[in-house]
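Notes for the one structure printed next.
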Amino acid sequence: MLTGKKGSVPFIDIHGMRADEAKRQLEFFLTRTPPGVREVVVIHGYSHGQVLKDMVRHELKHPRIEAKLPSLNEGQTRILLKEPPGAEWTVPG
């Protein structure tokens with residue numbers, strides 16, 4: 001698993017993992033994503049990533065997920081996040 005930032009958007013790379021392992025890693029990643037982060041990118045792969053893509057887009061459930069959006073890159077899915085319970089939005093300024 002590789003994590004980091006693409007520009008200012010955190011990402012996790014799960015391609016090549018088994019679906020059960022990828023799901024565990026994603027759940028951990030989403031739980032540990034700091035409050036205030038509104039979007040993450042999941043890299044699941046394109047040519048051999050259909051099982052992972054389906055898992056991310058249709059099966060993955062987490063309290064922080066607000067929406068799952070396709071990316072222009074078929075090997076990625078964008079996930080919009082809600083604030084974790086008890087956290088407050090902060091407006092920079």
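Any read-out appearing in this document is the output of simple, stated calculations on the displayed coordinates, not a laboratory observation. Since the model is a prediction, treat every value here as computed from it, not as a measurement. A quick note on method: Cβ atoms are made from the backbone with ideal geometry, for glycine too, and the neighbour counts reach across all protein chains shown.
Both numbers refer to the Cα atoms of the range 12-93; Rg and Dmax are 13.1, 44 Å. Under 5 Å between amide hydrogens, built in the peptide plane, is the criterion, and for Glu39 it picks out Leu81 among residues at least 5 positions away or on other chains. Couplings for the range 55-72, taken from phi via the Karplus curve 6.51 cos²θ - 1.76 cosθ + 1.60 with θ = phi - 60°, read 4, 5, 7, 10, 9, 5, 10, 7, x, 7, 6, 9, 7, 10, 10, x, 9, 5 Hz in order; Gly and Pro are left as x. This model, with +1 at the C-beta of Lys and Arg and -1 at the C-beta of Asp and Glu, gives the range 2-81 a dipole about its Cα centre of some 200 debye.
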